[in-house]
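Enquirer: Supplied in structure tokens, the structure appears directly below.
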Amino acid sequence: MSTNVARVLVCLEEVGAEYEVVNIDFQAKEHKSAEHLARNPFGQIPAFQDGDVVLFESRAISKYIIRKYKSAGEAADLLREGDLREAAMVDVWTEVEAHQYNPALSPVVYECLIYPAMRGVPTNQKVVDESLEKLRKVLDVYEARLSKHTYLAGDSVSFADLNHFPFTFYFMATPHASLFDSYPHVKAWWERLVARPSMKKLGATMAAAAAGIKQA
Amino acid sequence: MAPMKLYGAVLSWNVTRCATALEEAGSDYEIVPINFATAEHKSPEHLVRNPFGQVPALQDGDLYVFESRAICKYAARKNKPELLREGNLEESAMVDVWMEVEANQYTSVLNPILFQVLISPMLGGTTDQKVVDENLEKLKKVLEVYEARLTKSKYLAGDFLSLADLNHVSVTLCLLATPYASVLDAYPHVKAWWSSLMERPSVQKVAAMMKPSA
């Protein structure tokens with residue numbers, strides 16, 4: 001399953017929204033069809049439709065969903081837009097996931113899981129080793145942050161934390177998962193996240209989808 | 001109330017992305033240079049502002065904000081929230097969409113071009129023309145999407161100026177400083193959008209900051 005699609009699904013699950021997933025057939029080049037380009041002019045996934053509202057870019061879709069369901073109870077205030085400082089911290093750590101964490105971690109996922117499964121190519125160990133070096137430096141910063149706060153943006157869960165779920169979930173299925181053991185506060189934070197009902201549910205779906213790819 | 005401090009050099013288009021937002025929002029701020037040559041970005045003082053040892057970083061009293069787009073949003077929320085439209089579900093979604101597009105589609109292909117043409121020579125390296133050419137081709141495909149969008153609305157998120165438009169300014173000003181500025185000529189609505197942004201005092205001020213004095 002696309003990690004960017006999973007990013008949106010986590011938010012949909014967290015707010016308890018009613019939704020359906022409509023598969024886009026990449027093999028049949030459906031993502032470049034006129035119908036799909038009307039939803040996402042870059043011909044990518046995800047795209048999202050809610051009545052007349054059509055959106056693309058996973059983080060933009062996710063924020064729309066969170067804001068729409070703002071009064072849905074305890075899970076709701078994932079963006080903290082009512083508070084200048086707290087909203088800033090959510091933004092900071094959402095950007096950090098995109099620009100620091102993901103670029104260091106995702107190559108390991110691609111090399112160890114995705115490329116072997118989808119293209120039949122062997123793991124490029126040099127890329128993996130370089131990425132793990134970068135990831136260690138990033139996790140040093142996360143360890144310091146999570147030693148002071150229960151979650152990245154403060155003491156309750158936010159959009160910033162949720163964004164880490166999809167790629168980290170896959171990372172934990174690579175041979176390098178034990179890297180997190182050297183960062184006890186990061187590990188504890190991860191374990192708190194995956195205990196959430198939304199992530200248990202989504203994790204099961206993602207694991208099933210991954211098993212499906214391996215067998216294909 | 002002390003002015004906010006934006007740490008970094010105006011050479012960095014990530015720093016001037018923030019300056020654009022701060023200027024347009026009418027924020028009270030000053031730019032404090034960080035000396036990379038003396039590794040000031042890795043000093044304990046700076047690591048408090050940005051634990052990744054990078055620029056920009058913003059200080060507002062006892063609050064530190066880092067990552068340029070988070071800083072831009074902070075400035076908008078604090079001093080000119082209409083740039084984000086957060087009270088309006090559909091408008092704020094369009095602002096978010098085009099802020100993501102700036103980061104993930106536009107600047108992601110401009111960054112390697114700007115690095116090869118403007119930065120690498122400055123660091124004593126050469127320009128890898130293959131990287132420039134590949135990314136220029138990608139940029140043209142991105143500009144086709146922008147052209148279609150700006151045929152339908154005056155600004156990216158709709159008929160109102162938003163932070164989505166402003167976040168494009170610093171890298172586009174840098175593009176104009178390369179030999180490849182004419183890539184925009186094939187996209188008349190993009191050019192018109194850009195011209196209207198260039199008329200804004202905030203954008204002119206940032207453009208002046210980025211030019212070394214003659």
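Read-outs throughout are calculated quantities, based only on the coordinates presented, and are distinct from any laboratory measurement. No experiment lies behind these values; they were computed from the predicted model shown. Because the Cβ atoms are built from the backbone with ideal geometry, glycine has one as well, and the counts that use them run over all protein chains shown.
Enquirer: What is the residue count in region B:62-105 for residues that are outside any helix (DSSP H, G or I) and free of Cβ contacts under 8 Å to residues at least 60 places away in the same chain?
Expert: Of the residues in region B:62-105, 10 are outside any helix (DSSP H, G or I) and free of Cβ contacts under 8 Å to residues at least 60 places away in the same chain.
Enquirer: Can you tell me which residues in region A:164-216 are in contact with a Ser or Thr (Cβ under 9 Å, 6 or more places away or on another chain), of a type in the set (Lys, Arg) and within 19 Å of A:Arg119 (Cα to Cα)?
Expert: Within region A:164-216, no residue meets the criteria.
Enquirer: Let me ask you something else. Take the residues in region B:30-69 that are under 22 Å from B:Ala103 (Cβ atoms) and among the hydroxyl-bearing types (Ser, Thr, Tyr); name whichever of them is surrounded by the most Cβ atoms within 10 Å (Cβ to Cβ).
Expert: Applying the filter and picking the extreme gives B:Ser68.
Enquirer: I need the full set of residues from region A:93-105 which are of a type outside the set (S, T, N, Q), at the interface with another protein chain (Cβ under 8 Å from one of its Cβ atoms), surrounded by fewer than 24 Cβ atoms within 10 Å (Cβ to Cβ) and in contact (Cβ under 8 Å) with a residue 12 or more places away in the chain, in order please.
Expert: A:Ala98
Enquirer: Applying the selection to region B:119-135, what residues are surrounded by 15 or more Cβ atoms within 10 Å (Cβ to Cβ), under 21 Å from the mean Cα position of the chain (by Cα) and assigned to a helix (DSSP H, G or I)?
Expert: Correct list: B:Ile119, B:Val132, B:Asn135.
Enquirer: Follow-up question, since we're still on this one. Identify all residues within region A:168-209 that are closer than 25 Å to A:Glu86 by Cβ and touching a residue at least 40 places away in the same chain (Cβ under 8 Å); write none if there are none.
Expert: Within region A:168-209, A:Thr168, A:Tyr183, A:His185, A:Val186, A:Ala188, A:Trp189, A:Arg192, A:Arg196, A:Pro197, A:Ser198, A:Met199 qualify.
Enquirer: To continue, here is another question. Please specify each residue of region B:70-84 satisfying the condition of being more than 7 Å from every other protein chain (Cβ to nearest Cβ) and either under 16 Å from the mean Cα position of the chain (by Cα) or crowded, with 21+ Cβ neighbours inside 10 Å (or both).
Expert: Residues satisfying the conditions are B:Ile71, B:Cys72, B:Ala75, B:Ala76, B:Leu83, B:Leu84.
Enquirer: Do you know which residues across region B:169-185 are small (Gly, Ala, Ser) and in contact with a Leu (Cβ under 8 Å, 6 or more places away or on another chain)?
Expert: Answer for region B:169-185, where residues must be small (Gly, Ala, Ser) and in contact with a Leu (Cβ under 8 Å, 6 or more places away or on another chain): B:Ala177, B:Ala181.
Enquirer: Identify all residues within region B:22-53 that are hydrophobic (A, V, I, L, M, F, W, C) and either closer than 13 Å to B:Met4 by Cα or out of contact with any helix residue (DSSP H, G or I) (no Cβ under 7 Å at 6 or more places or on another chain) (or both); write none if there are none.
Expert: B:Leu22, B:Ala25, B:Ile31, B:Val32, B:Phe36, B:Ala37, B:Ala39, B:Leu47, B:Val48
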